[in-house]
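Just below is one structure, and these are the notes that go with it.
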Amino acid sequence: MGSWANFIQKLTGKTQTKDVAKERLKFVLFHDRSEIPPALVDVIKDEIIAVLDKYLDIDQTKMDVELTRLDDDTRTTASALVASIPIKGVKKLQ
Amino acid sequence: MGEAIVITSGKGGVGKTTATANIGTGLAMHGHKVVLVDADIGLRNLDVVIGLENRIVYDIVDVVEGTCKLKNALIKDKKTEGLYLLPAAQTRDKTAVSSEQMTTLINELKEEFDFVLIDCPAGIEHGFKNAIVAADKAIVVTVPEVSAVRDADRIIGLLLANEVSYVRLIINRLRKDMIDAGNMLDIDDTLEILSVDLLGIVPEDSDIIRSSNIGEPVIIKAESPSGIAFRNIVARILGENVPLMELKKEPAGFFASIKKLFSRKQV
(Lines give C-alpha, C1' and ligand atoms only; values in the text may rest on other atoms or scores of the structure.)
Protein backbone atom coordinates (compact mmCIF):
# COMPACT_ATOMS: atom_id res chain seq x y z
CA MET A 1 0.00 0.00 0.00
CA GLY A 2 2.98 2.30 -0.46
CA SER A 3 1.16 3.73 -3.46
CA TRP A 4 -1.38 5.30 -1.13
CA ALA A 5 1.35 7.19 0.74
CA ASN A 6 2.76 8.43 -2.57
CA PHE A 7 -0.67 9.57 -3.76
CA ILE A 8 -1.37 11.59 -0.64
CA GLN A 9 2.14 13.00 -0.62
CA LYS A 10 1.64 14.30 -4.17
CA LEU A 11 -1.65 15.94 -3.20
CA THR A 12 -0.64 17.59 0.02
CA GLY A 13 3.10 17.88 -0.28
CA LYS A 14 3.60 15.88 2.92
CA THR A 15 2.64 12.42 4.12
CA GLN A 16 -0.29 12.37 6.48
CA THR A 17 0.14 8.84 7.66
CA LYS A 18 -3.17 8.90 9.49
CA ASP A 19 -5.01 9.34 6.20
CA VAL A 20 -3.22 6.30 4.83
CA ALA A 21 -4.19 4.39 7.97
CA LYS A 22 -7.80 5.45 7.65
CA GLU A 23 -8.13 4.32 4.04
CA ARG A 24 -6.37 1.04 4.71
CA LEU A 25 -8.60 0.36 7.70
CA LYS A 26 -11.76 1.08 5.71
CA PHE A 27 -10.58 -1.34 3.02
CA VAL A 28 -9.61 -4.06 5.48
CA LEU A 29 -12.75 -3.75 7.58
CA PHE A 30 -14.99 -3.81 4.54
CA HIS A 31 -13.48 -7.11 3.52
CA ASP A 32 -13.34 -8.46 7.09
CA ARG A 33 -17.02 -7.70 7.66
CA SER A 34 -18.26 -9.02 4.34
CA GLU A 35 -15.93 -12.03 4.43
CA ILE A 36 -14.91 -11.42 0.83
CA PRO A 37 -11.13 -11.82 0.53
CA PRO A 38 -9.54 -8.62 -0.83
CA ALA A 39 -7.92 -10.25 -3.85
CA LEU A 40 -11.03 -12.19 -4.87
CA VAL A 41 -12.36 -9.19 -6.78
CA ASP A 42 -9.28 -9.27 -9.03
CA VAL A 43 -9.83 -12.96 -9.74
CA ILE A 44 -13.47 -12.27 -10.59
CA LYS A 45 -12.45 -9.37 -12.82
CA ASP A 46 -10.12 -11.58 -14.88
CA GLU A 47 -12.81 -14.22 -15.31
CA ILE A 48 -15.38 -11.61 -16.38
CA ILE A 49 -12.94 -10.36 -19.03
CA ALA A 50 -12.45 -13.94 -20.28
CA VAL A 51 -16.20 -14.51 -20.65
CA LEU A 52 -16.97 -11.17 -22.30
CA ASP A 53 -13.99 -11.54 -24.59
CA LYS A 54 -15.75 -14.48 -26.27
CA TYR A 55 -18.59 -12.25 -27.49
CA LEU A 56 -17.57 -8.61 -27.24
CA ASP A 57 -14.64 -6.43 -28.08
CA ILE A 58 -14.06 -4.66 -24.79
CA ASP A 59 -11.66 -1.87 -23.82
CA GLN A 60 -9.69 -3.59 -21.07
CA THR A 61 -7.71 -0.46 -20.19
CA LYS A 62 -10.82 1.54 -19.36
CA MET A 63 -12.84 -1.17 -17.60
CA ASP A 64 -13.45 -1.15 -13.87
CA VAL A 65 -14.80 -3.86 -11.51
CA GLU A 66 -15.31 -2.80 -7.91
CA LEU A 67 -16.90 -3.97 -4.69
CA THR A 68 -18.75 -1.05 -3.14
CA ARG A 69 -20.70 -0.46 0.06
CA LEU A 70 -24.39 0.13 -0.32
CA ASP A 71 -24.64 2.11 2.92
CA ASP A 72 -21.78 4.26 4.13
CA ASP A 73 -22.97 5.09 7.62
CA THR A 74 -23.55 1.85 9.44
CA ARG A 75 -21.93 -1.48 10.12
CA THR A 76 -24.01 -3.23 7.46
CA THR A 77 -22.13 -5.49 5.11
CA ALA A 78 -24.48 -5.01 2.18
CA SER A 79 -22.34 -4.61 -0.88
CA ALA A 80 -22.60 -4.57 -4.63
CA LEU A 81 -20.23 -5.63 -7.37
CA VAL A 82 -20.19 -2.74 -9.80
CA ALA A 83 -18.65 -3.21 -13.22
CA SER A 84 -18.15 -0.59 -15.87
CA ILE A 85 -17.05 -2.14 -19.17
CA PRO A 86 -16.73 0.00 -22.33
CA ILE A 87 -17.69 -2.02 -25.41
CA LYS A 88 -15.90 -1.28 -28.64
CA GLY A 89 -17.78 -3.76 -30.75
CA VAL A 90 -19.34 -7.17 -31.13
CA LYS A 91 -17.31 -10.17 -32.25
CA LYS A 92 -18.55 -12.19 -35.15
CA LEU A 93 -19.57 -15.58 -33.79
CA GLN A 94 -18.11 -18.50 -35.77
CA MET B 1 -30.75 -5.91 40.41
CA GLY B 2 -27.41 -4.57 39.25
CA GLU B 3 -26.03 -4.48 35.76
CA ALA B 4 -23.12 -6.44 34.31
CA ILE B 5 -20.75 -4.53 32.05
CA VAL B 6 -17.94 -6.33 30.19
CA ILE B 7 -14.83 -4.34 29.28
CA THR B 8 -13.29 -5.85 26.17
CA SER B 9 -11.10 -5.00 23.20
CA GLY B 10 -9.91 -7.96 21.16
CA LYS B 11 -6.38 -6.64 21.04
CA GLY B 12 -4.24 -7.08 24.14
CA GLY B 13 -2.54 -4.26 25.98
CA VAL B 14 -4.86 -1.41 25.01
CA GLY B 15 -6.10 -0.66 28.52
CA LYS B 16 -8.99 -2.96 29.47
CA THR B 17 -7.70 -3.77 32.94
CA THR B 18 -6.74 -0.16 33.62
CA ALA B 19 -10.18 0.97 32.47
CA THR B 20 -11.96 -1.69 34.57
CA ALA B 21 -9.99 -0.71 37.66
CA ASN B 22 -10.57 3.02 37.22
CA ILE B 23 -14.22 2.86 36.21
CA GLY B 24 -15.00 0.44 39.03
CA THR B 25 -13.22 2.62 41.56
CA GLY B 26 -15.01 5.70 40.23
CA LEU B 27 -18.46 4.12 40.47
CA ALA B 28 -17.73 3.06 44.05
CA MET B 29 -16.52 6.59 44.84
CA HIS B 30 -20.03 7.74 43.79
CA GLY B 31 -21.48 5.50 46.48
CA HIS B 32 -22.37 2.42 44.44
CA LYS B 33 -21.60 -1.17 45.39
CA VAL B 34 -19.23 -2.46 42.71
CA VAL B 35 -17.54 -5.80 42.09
CA LEU B 36 -14.68 -6.20 39.63
CA VAL B 37 -14.48 -9.67 38.09
CA ASP B 38 -11.14 -10.69 36.58
CA ALA B 39 -12.08 -13.06 33.75
CA ASP B 40 -8.49 -13.40 32.52
CA ILE B 41 -7.90 -16.81 34.10
CA GLY B 42 -4.27 -17.80 33.97
CA LEU B 43 -3.01 -14.25 33.40
CA ARG B 44 -4.59 -12.32 36.20
CA ASN B 45 -3.79 -8.61 36.46
CA LEU B 46 -6.75 -6.77 37.89
CA ASP B 47 -5.55 -7.64 41.39
CA VAL B 48 -2.14 -6.05 40.89
CA VAL B 49 -3.42 -2.93 39.10
CA ILE B 50 -5.76 -2.17 41.97
CA GLY B 51 -3.24 -3.06 44.69
CA LEU B 52 -5.00 -6.07 46.18
CA GLU B 53 -2.55 -8.76 45.09
CA ASN B 54 -1.47 -9.70 48.60
CA ARG B 55 -5.02 -10.33 49.82
CA ILE B 56 -6.01 -13.16 47.51
CA VAL B 57 -6.99 -16.38 49.25
CA TYR B 58 -9.62 -17.84 46.92
CA ASP B 59 -10.42 -17.10 43.28
CA ILE B 60 -13.16 -17.47 40.68
CA VAL B 61 -12.28 -21.12 39.93
CA ASP B 62 -12.52 -22.00 43.63
CA VAL B 63 -16.01 -20.52 43.62
CA VAL B 64 -17.32 -22.37 40.55
CA GLU B 65 -15.76 -25.66 41.71
CA GLY B 66 -17.38 -25.30 45.11
CA THR B 67 -14.12 -25.13 47.08
CA CYS B 68 -15.40 -21.99 48.78
CA LYS B 69 -18.47 -19.78 48.95
CA LEU B 70 -18.61 -16.69 46.75
CA LYS B 71 -18.37 -14.34 49.72
CA ASN B 72 -15.09 -15.94 50.83
CA ALA B 73 -13.46 -15.18 47.52
CA LEU B 74 -14.57 -11.55 47.32
CA ILE B 75 -11.90 -9.10 48.46
CA LYS B 76 -13.08 -5.83 49.97
CA ASP B 77 -10.93 -2.87 48.93
CA LYS B 78 -9.78 -0.95 52.00
CA LYS B 79 -8.98 2.24 50.05
CA THR B 80 -12.35 2.63 48.34
CA GLU B 81 -15.61 1.97 50.17
CA GLY B 82 -18.02 -0.27 48.26
CA LEU B 83 -15.42 -1.75 45.90
CA TYR B 84 -14.83 -5.50 45.75
CA LEU B 85 -12.66 -7.79 43.63
CA LEU B 86 -13.25 -11.37 42.51
CA PRO B 87 -9.79 -12.42 41.36
CA ALA B 88 -8.96 -14.82 38.54
CA ALA B 89 -7.06 -18.03 39.12
CA GLN B 90 -3.42 -17.85 38.17
CA THR B 91 -2.56 -21.55 37.87
CA ARG B 92 -5.45 -22.64 35.69
CA ASP B 93 -6.61 -21.61 32.21
CA LYS B 94 -9.80 -20.29 30.70
CA THR B 95 -11.36 -23.72 30.20
CA ALA B 96 -11.63 -24.07 33.99
CA VAL B 97 -14.94 -22.19 33.93
CA SER B 98 -17.89 -23.04 31.67
CA SER B 99 -20.34 -20.55 30.18
CA GLU B 100 -23.13 -21.90 32.39
CA GLN B 101 -21.01 -21.50 35.52
CA MET B 102 -20.10 -17.96 34.49
CA THR B 103 -23.74 -17.05 33.86
CA THR B 104 -24.79 -18.37 37.28
CA LEU B 105 -21.96 -16.53 38.98
CA ILE B 106 -22.59 -13.17 37.29
CA ASN B 107 -26.33 -13.37 37.98
CA GLU B 108 -25.58 -14.09 41.63
CA LEU B 109 -23.28 -11.06 41.77
CA LYS B 110 -25.91 -8.85 40.10
CA GLU B 111 -28.24 -9.51 43.02
CA GLU B 112 -25.76 -8.15 45.51
CA PHE B 113 -24.00 -5.39 43.56
CA ASP B 114 -25.09 -2.29 41.63
CA PHE B 115 -22.36 -2.82 39.04
CA VAL B 116 -20.55 -6.00 38.01
CA LEU B 117 -17.57 -5.04 35.86
CA ILE B 118 -16.01 -7.94 33.96
CA ASP B 119 -12.41 -7.52 32.82
CA CYS B 120 -12.32 -9.53 29.58
CA PRO B 121 -9.15 -11.26 28.37
CA ALA B 122 -7.69 -10.47 24.96
CA GLY B 123 -8.75 -12.70 22.06
CA ILE B 124 -12.02 -14.17 20.86
CA GLU B 125 -11.84 -17.68 22.27
CA HIS B 126 -13.27 -19.34 25.37
CA GLY B 127 -12.18 -16.59 27.76
CA PHE B 128 -13.88 -13.89 25.69
CA LYS B 129 -17.05 -15.97 25.29
CA ASN B 130 -17.25 -16.50 29.05
CA ALA B 131 -16.69 -12.83 29.78
CA ILE B 132 -19.55 -11.69 27.54
CA VAL B 133 -22.06 -14.49 28.16
CA ALA B 134 -23.89 -12.76 31.03
CA ALA B 135 -23.10 -9.14 30.20
CA ASP B 136 -25.88 -6.57 29.82
CA LYS B 137 -23.61 -3.96 28.32
CA ALA B 138 -20.15 -3.75 26.78
CA ILE B 139 -17.41 -1.16 26.78
CA VAL B 140 -14.89 -1.66 23.97
CA VAL B 141 -11.48 -0.15 24.57
CA THR B 142 -9.20 0.68 21.66
CA VAL B 143 -6.18 2.79 20.82
CA PRO B 144 -5.90 4.86 17.62
CA GLU B 145 -3.73 2.34 15.81
CA VAL B 146 -4.47 0.07 12.86
CA SER B 147 -4.28 -3.37 14.53
CA ALA B 148 -6.26 -2.32 17.59
CA VAL B 149 -9.04 -0.70 15.58
CA ARG B 150 -9.31 -3.73 13.33
CA ASP B 151 -9.63 -6.04 16.32
CA ALA B 152 -12.12 -3.70 18.00
CA ASP B 153 -14.29 -3.90 14.90
CA ARG B 154 -14.29 -7.70 15.05
CA ILE B 155 -15.15 -7.60 18.73
CA ILE B 156 -18.04 -5.19 18.14
CA GLY B 157 -19.37 -7.54 15.47
CA LEU B 158 -19.12 -10.52 17.84
CA LEU B 159 -20.83 -8.60 20.66
CA LEU B 160 -23.75 -7.65 18.44
CA ALA B 161 -23.99 -11.22 17.14
CA ASN B 162 -24.10 -12.47 20.75
CA GLU B 163 -26.95 -10.15 21.68
CA VAL B 164 -24.94 -7.63 23.65
CA SER B 165 -26.56 -4.72 21.89
CA TYR B 166 -25.45 -1.88 24.17
CA VAL B 167 -21.86 -1.21 23.07
CA ARG B 168 -19.87 1.92 23.80
CA LEU B 169 -16.29 2.83 22.86
CA ILE B 170 -13.39 4.24 24.84
CA ILE B 171 -10.47 5.55 22.78
CA ASN B 172 -7.37 5.25 24.93
CA ARG B 173 -3.84 6.66 24.71
CA LEU B 174 -4.55 9.60 22.45
CA ARG B 175 -1.56 11.83 21.76
CA LYS B 176 -2.29 15.39 20.74
CA ASP B 177 1.19 15.95 19.29
CA MET B 178 0.77 13.03 16.91
CA ILE B 179 -2.81 13.94 16.03
CA ASP B 180 -1.74 17.50 15.18
CA ALA B 181 1.08 16.16 13.01
CA GLY B 182 -1.40 13.98 11.13
CA ASN B 183 0.27 10.81 12.33
CA MET B 184 -2.46 9.46 14.58
CA LEU B 185 -6.11 8.68 13.87
CA ASP B 186 -8.21 11.24 15.67
CA ILE B 187 -11.50 10.75 17.48
CA ASP B 188 -13.69 11.44 14.44
CA ASP B 189 -11.62 9.12 12.24
CA THR B 190 -11.97 6.27 14.72
CA LEU B 191 -15.71 6.77 15.19
CA GLU B 192 -16.24 6.95 11.44
CA ILE B 193 -14.38 3.69 10.92
CA LEU B 194 -16.04 1.75 13.74
CA SER B 195 -19.60 3.16 13.54
CA VAL B 196 -20.15 2.88 17.27
CA ASP B 197 -21.14 5.37 19.99
CA LEU B 198 -18.37 6.98 22.03
CA LEU B 199 -18.31 6.69 25.81
CA GLY B 200 -15.11 8.66 26.32
CA ILE B 201 -11.46 9.27 25.56
CA VAL B 202 -8.31 8.93 27.65
CA PRO B 203 -5.11 10.75 26.71
CA GLU B 204 -1.69 9.09 26.79
CA ASP B 205 -0.42 9.68 30.29
CA SER B 206 2.73 8.49 32.04
CA ASP B 207 0.80 8.68 35.29
CA ILE B 208 -0.89 5.40 34.34
CA ILE B 209 2.38 3.54 34.76
CA ARG B 210 3.13 5.31 38.03
CA SER B 211 -0.32 4.42 39.29
CA SER B 212 0.00 0.73 38.47
CA ASN B 213 3.48 0.76 40.07
CA ILE B 214 1.89 1.66 43.38
CA GLY B 215 -1.44 -0.10 42.82
CA GLU B 216 -3.58 3.01 43.04
CA PRO B 217 -5.88 3.82 40.07
CA VAL B 218 -5.41 7.37 38.71
CA ILE B 219 -9.07 8.22 39.24
CA ILE B 220 -8.62 8.34 43.02
CA LYS B 221 -6.57 11.54 43.08
CA ALA B 222 -7.52 12.62 39.53
CA GLU B 223 -4.58 15.04 39.34
CA SER B 224 -3.58 13.92 35.88
CA PRO B 225 -5.40 14.07 32.52
CA SER B 226 -6.10 10.33 32.52
CA GLY B 227 -7.61 10.51 36.01
CA ILE B 228 -9.87 13.35 34.94
CA ALA B 229 -10.80 11.47 31.78
CA PHE B 230 -11.87 8.42 33.79
CA ARG B 231 -13.92 10.62 36.13
CA ASN B 232 -15.71 12.01 33.08
CA ILE B 233 -16.34 8.50 31.79
CA VAL B 234 -17.82 7.41 35.11
CA ALA B 235 -20.05 10.50 35.18
CA ARG B 236 -21.34 9.65 31.72
CA ILE B 237 -22.06 6.06 32.75
CA LEU B 238 -24.14 7.52 35.58
CA GLY B 239 -26.14 9.59 33.12
CA GLU B 240 -24.37 12.94 33.29
CA ASN B 241 -23.74 14.81 30.05
CA VAL B 242 -20.02 15.64 30.23
CA PRO B 243 -18.34 17.23 27.21
CA LEU B 244 -15.19 15.53 25.88
CA MET B 245 -12.04 16.85 27.48
CA GLU B 246 -9.68 18.95 25.42
CA LEU B 247 -6.48 17.11 24.60
CA LYS B 248 -3.34 18.84 25.72
CA LYS B 249 0.22 18.00 24.73
CA GLU B 250 1.98 15.96 27.41
CA PRO B 251 4.43 18.56 28.75
CA ALA B 252 8.12 17.77 29.02
CA GLY B 253 11.18 19.66 30.12
CA PHE B 254 12.08 22.19 32.78
CA PHE B 255 9.98 25.16 31.65
CA ALA B 256 6.94 22.98 31.09
CA SER B 257 7.26 21.74 34.67
CA ILE B 258 7.43 25.31 35.99
CA LYS B 259 4.39 26.21 33.90
CA LYS B 260 2.54 23.22 35.33
CA LEU B 261 3.31 24.44 38.85
CA PHE B 262 1.54 27.72 38.23
CA SER B 263 -1.27 26.57 35.94
CA ARG B 264 -4.76 25.96 37.27
CA LYS B 265 -6.18 22.45 37.33
CA GLN B 266 -8.35 21.65 34.33
CA VAL B 267 -11.93 20.92 35.37
Alpha-carbon centroids, the stretch B:74-106 and the stretch A:51-67: separation in whole Å: 61 Å
Can you give the Rg to Rh ratio for the stretch A:37-94, taking only C-alpha atoms and Rh from Kirkwood? 1.10
If I compute solvent accessible area with a 1.4 Å probe over the protein chains, what percent of it on chain B is carbon and sulfur? 50 percent
Ranked from highest to lowest mean number of other Cβ atoms within 10 Å per residue, what is the order of the peptides B:118-128, B:90-100? B:118-128, B:90-100
My understanding is that a pair violates if its Cα-Cα distance is over 26 Å; which of B:Lys11/B:Lys33; B:Lys94/B:Lys137; B:Lys94/B:Lys221; A:Lys26/B:Lys249; B:Lys16/B:Lys176 do that in this structure? B:Lys11/B:Lys33; B:Lys94/B:Lys221; A:Lys26/B:Lys249
Give, in nm to one decimal, the length gained when the segment between B:Asn241 and B:Asp197 is fully stretched (0.36 nm per residue of separation minus the Cα-Cα distance). 14.4 nm
Of the beta bridges DSSP finds with both residues in the protein assembly as shown, what % are antiparallel, to the nearest 5? 25 percent
Interface call, the stretch B:189-222: threshold 30 Å², probe 1.4 Å, accessible heavy-atom surface of protein chains, chain by itself vs complex, result B:Asp189, B:Glu192, B:Ile193, B:Ser195
CD proxy at 222 nm, helix term only [per DSSP H run n ≥ 4: -39500 (n - 2.57); per residue of chain B; nearest 500]: -11500 deg cm²/dmol
What aspartates and glutamates could a cross-link reach from A:Lys45, if we take a straight Cα to Cα line under 15 Å and drop same-chain neighbours fewer than 8 places away? A:Asp53, A:Asp59, A:Asp64, A:Glu66
I'd like the residues of the stretch B:124-167 whose 1.4 Å-probe accessible area shrinks by no less than 50 Å² going from the isolated chain to the full set of protein chains. B:Val146, B:Arg150, B:Asp153
Using the heavy atoms of the protein chains and a 1.4 angstrom probe, tell me the accessible area per residue for the protein assembly as shown in square angstrom. 53 Å²
Summed buried accessible area for B+A [probe radius 1.4 Å, Å², rounded to 100]: 1500 Å²
Would you jot down the residues in the stretch A:32-48 that end up with at least 30 Å² less accessible area in the complete protein assembly than in the chain alone, with a 1.4 Å probe? A:Asp32, A:Arg33
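The values are calculated or read from the model by the stated rules, or taken from the named source; none is laboratory data. If you're wondering where the values come from, they're calculated on a predicted model, not measured in any experiment. Reconstructed Cβ throughout: ideal geometry from the backbone, glycine too, with neighbour counts over all protein chains shown. These accessible areas exclude ligands, DNA and RNA; they are computed on the full protein's heavy atoms, side chains included. Shrake-Rupley method; radii C 1.70, N 1.55, O 1.52, S 1.80 Å.
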